[in-house]
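Structure first, then comments.
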Amino acid sequence: MIINNRLKPGKDAFIGPEDGSGISAKDIRIYVCGINGSTGNLGATPKAARIGFNNTLHANIYAPFGTLWIKKGTIAEGSFIGRDVKIGANIQLSLNSGFGDPELDGDGFTESQGDCNDNDATINPAAQEVCDSVDNNCDGQIDEGVINPYYEDTDSDGYGNPNISTDSCQQPSGYVADNTDCD
């Protein structure tokens with residue numbers, strides 16, 4: 001719904017889906033195009049969106065050009081975005097956003113579900129870690145479980161020097177995985 005001016009329901013109003021409709025707060029989006037007062041200054045009145053006292057609000061409200069003011073005693077579920085947002089006393093607030101935690105890259109995970117790079121479908125909590133200096137599975141570690149120690153094998157007998165090693169994803173030339181060289 002687009003409101004070209006201001007949103008100002010009175011006291012004890014209800015904004016949201018009808019009970020039993022199967023619609024949730026995140027499905028209702030209200031875009032308020034009005035500004036504060038005649039100038040748009042944050043201190044100007046009336047506010048772009050003013051939800052009165054003791055209202056029940058189950059919707060997402062976006063007031064990009066002015067103040068969104070939810071007054072005392074309101075029960076509010078949804079998301080509330082504005083140039084300025086004021087929340088009164090004794091508000092029961094629960095966030096259920098219809099605006100977003102979008103799943104951007106098609107991997108089935110959002111940022112709130114642990115996707116640490118929602119611009120790359122190969123990076124997500126279910127991804128297998130590969131050796132590429134990137135945290136592929138979003139666990140806060142880079143290349144864990146895919147880097148191995150290799151030991152220098154100067155005499156090419158298949159046994160490496162336990163005192164000279166390097167960690168790598170692939171076995172470097174002149175190195176082996178065995179560190180039991182005795183000569």
Note on the stretch 45-58: residues among the aliphatic types (A, V, I, L, M), within 18 Å of Asp12 (Cβ to Cβ) and either in contact with a Leu (Cβ under 9 Å, 6 or more places away or on another chain) or loosely packed, with under 14 Cβ neighbours inside 10 Å (or both) are Ala49, Ile51
Only one of (1) at pLDDT below 85; (2) in contact with a strand residue (DSSP E or B) (Cβ under 6 Å, 6 or more places away or on another chain); (3) on the phi > 0 side of the Ramachandran plot does not apply to Gly16, and that is (1)
Note: among Ser168, Ser133, just one is polar (S, T, N, Q), farther than 30 Å from Ile61 by Cα and either touching a helix residue (DSSP H, G or I) at 6+ places or on another chain (Cβ under 7 Å) or loosely packed, with under 13 Cβ neighbours inside 10 Å (or both), namely Ser133
Would you mind stating whether Ile91 is of a type outside the set (Phe, Trp, Tyr) and closer than 30 Å to Ala44 by Cβ?
yes
Restricting attention to the stretch 59-80, the residues that are touching a residue at least 24 places away in the same chain (Cβ under 8 Å) and crowded, with 22+ Cβ neighbours inside 10 Å number exactly 9
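Rundown of residues vs (1) over 21 Å from Tyr175 (Cα atoms); (2) of a type in the set (Val, Ile, Thr); (3) modelled with pLDDT under 95, yes/no style:
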| position | (1), (2), (3) |
| --- | --- |
| Pro102 | yes, no, yes |
| Asp105 | yes, no, yes |
| Asp115 | yes, no, yes |
| Pro125 | yes, no, yes |
| Cys131 | no, no, yes |
| Gly145 | no, no, yes |
| Pro149 | no, no, no |
| Glu152 | no, no, no |
| Asp157 | no, no, no |
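The values are calculated or read from the model by the stated rules, or taken from the named source; none is laboratory data. Just so we're clear, the structure is a prediction, and the values are computed from it rather than from any experiment. We place every Cβ from the backbone using ideal geometry, glycine too, and count neighbours over all the protein chains shown.
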